[in-house]
Amino acid sequence: MPTQKSTSTYTAKDIQVLEGLEPVRKRPGMFIGSTDARGLHHLLTEILDNSVDEALAGHATEIWTVINPDNSVSIKDNGRGIPVDKHPKTGTSALELTMTKLHAGGKFGDTAYKVSGGLHGVGASVVNALSEWLEVEVWRDNFAWIQRYKKGKPEGPVKKGEAITGTGTKTTFLPDKEVFTTTEWNLKTIEDSIRNRAYLIAGLKFNLTHPDGITKTFYFEGGIKSLVAHINRDKETLNSVIYLKKDSEAISAEVALQYNDGIQELVDSFVNVIKTPDGGTHLTGFRIGLTRAITDYAKKIGLPKEVLDSITGEDTREGLTAAIFVKIPTNSIQFESQTKTKLNNPEAQGFVAQLVNQGLNTYFEENPGEARRVLEKVTLATRARLAARAAKDAVLRKGALEGSSLPGKLSDCSEKDASLSEIYLVEGDSAGGTAKGARDRRYQAILPIGGKILNTERAHLDKIIKFEELKDLIIALGAGIGDSTNIDKLRYHRIIIMTDADVDGSHIATLLITFFYRHLPQIIQNGYLYIALPPLYKIQLGKEIKYAYNDEEKDGILKLANGQRAVLQRYKGLGEMNADQLRDTTMDPETRTLKQVTIDNAEEADNVFTTLMGEDVPQRKKFIQTYAQFASLDI
Ligand code: 0RA
C-alpha cells in the first residue's frame, strides 16, 4: 500500500507523487527517450517489466504477452494483482493512482531489485498517457476489477466484476498514433526482449502470441547458464558451462562461462535485467577475477616461463563465451553516463572479481581435465599473439603494411579524401579488368580478389598477414590490422564487395565479410562495408535495354512488354557484362544498388558466421544455399 503521512503536512515528495500526466503528453521524449520505434517498444517493456518485478518478488511464475490483431498489446501475469482498495483520504483506488499519477507506482513496491525502476522505469502511468486507450484488469480478493482510460484519463471508476478465484493483472493498451512516428510492432524486437528476460530469470515462463494467433514459449530453467549454452550451441566446447553465484545485502552476482575452440570473445553483461553493452565495473571485475584465477593455475601446473611471463587478460578470453548478471537495489544503481549503458557502482568490481577468482580456483581444482584444456587454449593464444607480433614487426620493418608501397594489383583512385573514395573488391582478375574499364577513376579504386581466400573464422593474425591476398587488402585499405588498427588511416569509406550472383560468389563475399567481422570490425561498425548487387537479367525490348535484379522484377518487366519482342539474358557472372553495362548496373552511384553490411546483434551474427564458416560442411552448404543472396541474412 502507498505509505501515507498521518499528519496534514505535505512534503514536496508527496506532491510529486500526485503529479498528473500532462507533462507526459506534452513532452513524451523526456519520459520514454523518443517517439520513434524505439520509444514505442519502451511502452511494451515498461508494462512487461512491471510483471517481471512481480515475478522477481516471488509472486508471479508466468507472463503472457499478446500482440492483438488491432495492434493493441495485452500483458498478463499471475502475480498478486495491483491493489484496488481506496486511498483513505482521496477516495481514489490504488489502481487508479498507479495508472494516472506519475511515480505513484514506485511507492508500494516491496522488491529490492526492481527492473522497472532501473533504466527506463517510468511507470505504467506513462504508458497510459501515451495510449489511445488502455484497460487494466485485476484479479484480486476473489473478484475481477476493471478500469478503462483514454489518453491517460479514466473513463469511469474501477468497476467490480464477477467473482473469481486466483490472482493476477492484465494490461491492454493501444499506442497513440498522434504521439508516435510509427505504431508498428516489430515482432523480432519484442521476441528478443522477452527471450533476454527469460534467460536472466531462471524458471519464469514467458508466452508471446503473434497477431496470427501463434504462441511461442520462453522458459529456461538454467537462467544465464542456458544463455551461454545457447550461444555456444553449434560450437566445439572445451568445458561444461561453469556457473557461479554469490549474494550479499547490497548486491547479487551470477556468472556463467564456457570456452569454445574459436578465437572470439563474447561476454554479455546485465544489471537488473538490463543489458549493459558498454560493460562497467561488473565486467571489469569479471576480467580481473578470470585473469587472476588462470594465471594462478598456470603457475601451479608449471607452464613454460615464456608463457607465464606474457599471459595477458586478452589471452584468457579467446574463445570465451560468458554472461554476467548483477542485481543491485534500484535506489543505489549508478551508471557512468546518461545513456545508462555502463555500470559505475564501485562495489560491483571487487564483488564479481572475488566471486570469479574463488569460484574458478575451486572449479579448476575439482575438474583438472577441463582446466588443462582451458590452459592449453590460453597458452596457444599467448604464443600466437607473440608470433603475430613478431611476424607483423617483420612486415612493418619492410614498411609493407603501412601502405608505403601499395599492392601492384590495386588500381587506385586519384581522390585522397577517404570520405569521398570507394574501393571495389572484385571477384577474379577478368571481372577486375572490366571493372577497371567501368569505374570513375577519380574516386573509384579496384582490387581484384582471387577465387580462394583464407577462411579467417578461426585464424590467428600471424597466419592472416602471411596470406598474400589478405595482405594486399590490408595494405590497400591502409588502416592496419589487429591491435595496431587505426581507422583514421582508412583510405576508403566505401568498401564494396562485388562478386558473381552465384553460390561461389556468395561464398567469397562471406569469406570477406568474415574477415572484416573478425579482424577489422571497426569497418562494419562505422558502416563502411557494402555488397554490390549486380543484376540477374538483361531484357532487351526493341531498342531499349532493361535490367532486373530479381525474378519478380524480371516478370514485371516482361508483363509490361505488351507484345513487344523481348530478348532475355540471364547473367551467370560479372564476366558476361561489358564495361558500360557493369557501370550502368552496378557501379554508377546514380543507378547501382548497394547493400550495407550492418551487425545489430553480435550473438546472432556470430552464430551466422559459425554456421557459414565452421567445420560442419553439410550444414554450411545448406545454409549458403538457403541464404545465397544474403537475402534474409541479418548482416
Ligand atoms: C504493489 C503491491 C502489490 C502488487 C503489485 C504492486 C503489483 C503490481 C503489478 C504490475 C503488474 N503486475 C503487478 N502485480 C502486482 C500487492 C501487495 C499485496 O498484495 O500485499
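The values are calculated or read from the model by the stated rules, or taken from the named source; none is laboratory data. Computed from a prediction, not measured in an experiment: that's the story for all the values here. Note: ideal-geometry Cβ built from the backbone for every residue, glycine included; neighbour counts use all protein chains shown.
How do the pairs read when you match residues in segment 76-93 that are under 26 Å from Val52 (Cβ atoms) and β-branched (Val, Ile, Thr) with residues anywhere that are more than 6 Å from the ligand (Cβ to nearest atom) and assigned to a loop (DSSP other than H, G, I, E, B), using Cβ under 8 Å and keeping only pairs 6 or more apart or on different chains?
Pairs found: Val84/Asp141; Val84/Val158.
For segment 324-339: of the residues being outside any helix (DSSP H, G or I) and more than 9 Å from Val271 (Cβ to Cβ), which is modelled with the highest pLDDT?
Per the criteria, the residue is Ile324.
Scanning segment 517-558 for residues that are in a strand (DSSP E or B) and among the aromatic types (Phe, Trp, Tyr), which turns out farthest from Asn578 (Cα to Cα)?
Restricting to residues being in a strand (DSSP E or B) and among the aromatic types (Phe, Trp, Tyr), the top hit is Tyr530.
Here are Asn207, Asn142: which of them is more than 21 Å from Leu97 (Cα to Cα), loosely packed, with under 13 Cβ neighbours inside 10 Å and within 16 Å of the ligand (Cβ to nearest atom)?
The match here is Asn142.
Can you pull out every residue in segment 50-61 that is more than 30 Å from Phe180 (Cα to Cα), of a type outside the set (A, V, I, L, M) and within 12 Å of the ligand (Cβ to nearest atom)?
Gly58, His59
Has segment 525-532 got any residue that is free of Cβ contacts under 8 Å to residues at least 40 places away in the same chain and not aromatic (Phe, Trp, Tyr)?
Yes, segment 525-532 contains a residue that is free of Cβ contacts under 8 Å to residues at least 40 places away in the same chain and not aromatic (Phe, Trp, Tyr).
Under 8 Å between Cβ atoms, at least 6 apart or on separate chains: pull out the pairs that start in segment 290-309 with a residue that is without any contact (Cβ under 8 Å) to a residue 60 or more places away in the chain and end on any residue that is in a loop (DSSP other than H, G, I, E, B) and of a type in the set (A, V, I, L, M).
Thr291/Ile311; Thr295/Ile311
For segment 46-64, what are the residues that are among the hydroxyl-bearing types (Ser, Thr, Tyr) and surrounded by fewer than 24 Cβ atoms within 10 Å (Cβ to Cβ)?
Selection gives Thr61 alone.
Picking from Pro83, Pro88, Pro69, which residue would you name as being more than 12 Å from the ligand (Cβ to nearest atom), part of a loop (DSSP other than H, G, I, E, B), at pLDDT 90 or above and out of contact with any Phe, Trp or Tyr (no Cβ under 6 Å at 6 or more places or on another chain)?
Residue meeting the stated conditions: Pro69.
When the residues of segment 465-516 are filtered to those that are assigned to a helix (DSSP H, G or I) and of a type in the set (S, T, N, Q), which remaining residue is surrounded by the fewest Cβ atoms within 10 Å (Cβ to Cβ)?
Among residues in segment 465-516 that are assigned to a helix (DSSP H, G or I) and of a type in the set (S, T, N, Q), the one surrounded by the fewest Cβ atoms within 10 Å (Cβ to Cβ) is Ser484.
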